[in-house]
Ligand SMILES: [Zn+2]
């Protein structure tokens, strides 16, 4: 029986950068975790879960470890538990009113503050996940591409990650 809580999390999966960065197969694995988790988020024993989702036990174990590295699962007394991730409180804090979005876009002349392109979104400069607020000074007009690429990083972290990726392999 799915509780409201898990259905809510399911919708938010689409906007969670931790999930957005997963490879496609792991995204599906995570959805399976949500489907088989109890209301407390605890997953069934690995053998039971493997049977339920028709996966190889070792393969499943590898995937669960990878999901844990991505910050989506936790080990709790020998069991795997789905992290709460974006709770309803965070969601309320994160959501901007349409009128505030419009005002920020107007303030920034609908120009993406990262690339200078046309902006149709509003970005939290310091991401909510790192304590960023909905204050005017923490909001910037952004294009879809920059907003998506930046995800839950600060501008400095975003640039550093880009530079790391572009650095030639030693
Ligand atoms: Zn941009």
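Restricting attention to segment 149-160, report how many residues are outside any loop (DSSP other than H, G, I, E, B) and within 16 Å of the ligand (Cβ to nearest atom). Full working, then the answer.
Let us first name the residues in segment 149-160 that are outside any loop (DSSP other than H, G, I, E, B), namely 149-150, 155-160.
After this cut, where a residue has to be within 16 Å of the ligand (Cβ to nearest atom) as well, the list is 149-150, 155, 158-159.
Summing the residues that are outside any loop (DSSP other than H, G, I, E, B) and within 16 Å of the ligand (Cβ to nearest atom) in segment 149-160 gives 5.
Total residues in segment 106-123 satisfying the condition of being surrounded by fewer than 18 Cβ atoms within 10 Å (Cβ to Cβ) and either outside any loop (DSSP other than H, G, I, E, B) or not assigned by TED's automatic domain parsing to the domain that holds residue 141 (or both): the figure is 5.
Just give me the residues in segment 109-127 being under 23 Å from residue 159 (Cα atoms) and either more than 11 Å from the ligand (Cβ to nearest atom) or touching a residue at least 60 places away in the same chain (Cβ under 8 Å) (or both), in sequence order. It would help to see each step written out before you state the result.
From segment 109-127, those under 23 Å from residue 159 (Cα atoms) are 110-127; that's our starting set.
Those that are under 23 Å from residue 159 (Cα atoms) and either more than 11 Å from the ligand (Cβ to nearest atom) or touching a residue at least 60 places away in the same chain (Cβ under 8 Å) (or both): 110, 122, 124, 125, 126, 127.
Would you pick out the residues in segment 73-92 that are part of a helix (DSSP H, G or I) and either modelled with pLDDT of 85 or more or surrounded by 14 or more Cβ atoms within 10 Å (Cβ to Cβ) (or both)? Please lay out each step first, then the result.
The first filter runs over segment 73-92 and keeps only residues part of a helix (DSSP H, G or I), leaving 88-92.
Once the filter is applied, which keeps residues that are part of a helix (DSSP H, G or I) and either modelled with pLDDT of 85 or more or surrounded by 14 or more Cβ atoms within 10 Å (Cβ to Cβ) (or both), segment 73-92 yields 90, 91.
Of the set (1) modelled with pLDDT of 85 or more; (2) not in a helix (DSSP H, G or I), all apply to residue 96 but (1). Restricting attention to segment 60-72, the residues that are modelled with pLDDT of 95 or more, surrounded by 15 or more Cβ atoms within 10 Å (Cβ to Cβ) and out of contact with any helix residue (DSSP H, G or I) (no Cβ under 7 Å at 6 or more places or on another chain) add up to 1.
One residue stands out in segment 124-133 among those that are surrounded by 16 or more Cβ atoms within 10 Å (Cβ to Cβ) and at pLDDT below 90: the one that is nearest to the chain's Cα centre (by Cα), namely 129. If you filter segment 128-148 down to residues that are within 16 Å of the ligand (Cβ to nearest atom) and out of contact with any strand residue (DSSP E or B) (no Cβ under 8 Å at 6 or more places or on another chain), you find that the one that is nearest to residue 16 (Cα to Cα) is 148. Considering only residues in segment 34-59 that are part of a helix (DSSP H, G or I) and modelled with pLDDT under 90, the one that is surrounded by the most Cβ atoms within 10 Å (Cβ to Cβ) turns out to be 34.
The values are calculated or read from the model by the stated rules, or taken from the named source; none is laboratory data. As the structure is a prediction and not an experimental result, all values here were calculated from the model. Note that each Cβ is placed from the backbone with ideal geometry, even for glycine, and that neighbours are counted across all protein chains shown.
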